[in-house]
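A short worksheet on the structure shown next.
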Amino acid sequence: MKKIPILLEDENGDDIEYDFPSKMEVCFQCKGYGTYFSSDVPCTICNGARVVSVIDTESLSEEDKMMYDIYIQEEEYEKEYEYEIKMERMMRR
Ligand SMILES: [Zn+2]
């Protein structure tokens with residue numbers, strides 16, 4: 001099975017790379033066209049390959065699941081952080 005390396009932060013704040021099981025999925029940016037807005041510019045996510053590897057959440061082992069939880073938490077945290085920065089900028093105007 002193919003693996004996809006994801007950068008995570010452990011409880012000490014150190015960067016760790018963890019390999020999750022991966023599967024190929026139709027690119028979410030170009031929706032499988034391989035180009036931007038049906039122009040000739042190659043898609044920046046898949047580089048024209050039309051598919052991208054994503055974490056296969058259905059074949060996670062027990063250890064993978066633990067790491068996946070951390071990954072999701074970090075994603076949420078980052079989204080919240082970005083949102084806060086955006087709101088702050090808007091309030092300053
Ligand atoms: Zn694409």
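Readers should treat all values here as calculations from the given coordinates under stated rules, not as data from a laboratory. This one's a predicted model, so the numbers in the text were calculated from it and none came from an experiment. Don't worry about glycine lacking a Cβ; one is built from the backbone with ideal geometry, like all the others, and counts go over all protein chains shown.
Table for the structure above
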read-out: Residue selected from region 2-52 under the condition touching a Ser or Thr at 6+ places or on another chain (Cβ under 7 Å) and of a type in the set (A, V, I, L, M), by the criterion nearest to TYR68 (Cα to Cα); value: ILE4
read-out: Residue, nearest to the ligand (Cβ to nearest atom), within region 50-67, restricted to residues that are part of a loop (DSSP other than H, G, I, E, B) and surrounded by 14 or more Cβ atoms within 10 Å (Cβ to Cβ); value: ARG50
read-out: Among residues of region 1-48, those that are of a type in the set (A, V, I, L, M, F, W, C) and touching a Gly at 6+ places or on another chain (Cβ under 7 Å), counted; value: 3
read-out: Which listed residue is acidic (Asp, Glu), without any contact (Cβ under 8 Å) to a residue 12 or more places away in the chain and touching a strand residue (DSSP E or B) at 6+ places or on another chain (Cβ under 8 Å), from ASP15, ASP56, ASP69; value: ASP15
read-out: Residue that is surrounded by the most Cβ atoms within 10 Å (Cβ to Cβ), among those in region 23-48 that are within 7 Å of the ligand (Cβ to nearest atom) and of a type in the set (A, V, I, L, M, F, W, C); value: CYS30
read-out: In region 18-44, residue nearest to GLN73 (Cα to Cα) [restricted to those that are touching a strand residue (DSSP E or B) at 6+ places or on another chain (Cβ under 7 Å) and among the acidic types (Asp, Glu)]; value: ASP19
read-out: Unmet criterion (only one of (1) more than 24 Å from TYR77 (Cβ to Cβ); (2) loosely packed, with under 12 Cβ neighbours inside 10 Å; (3) touching an Asp or Glu at 6+ places or on another chain (Cβ under 9 Å)) for PRO5; value: (1)
read-out: Condition met for PRO42 (in contact (Cβ under 8 Å) with a residue 12 or more places away in the chain and of a type outside the set (A, V, I, L, M)); value: no
read-out: Candidate set: region 8-22, residues that are surrounded by 11 or more Cβ atoms within 10 Å (Cβ to Cβ) and of a type in the set (D, E, K, R); chosen: the one nearest to LEU60 (Cα to Cα); value: ASP19
read-out: Flag if ASP56 is acidic (Asp, Glu) and touching a Pro at 6+ places or on another chain (Cβ under 9 Å); value: yes
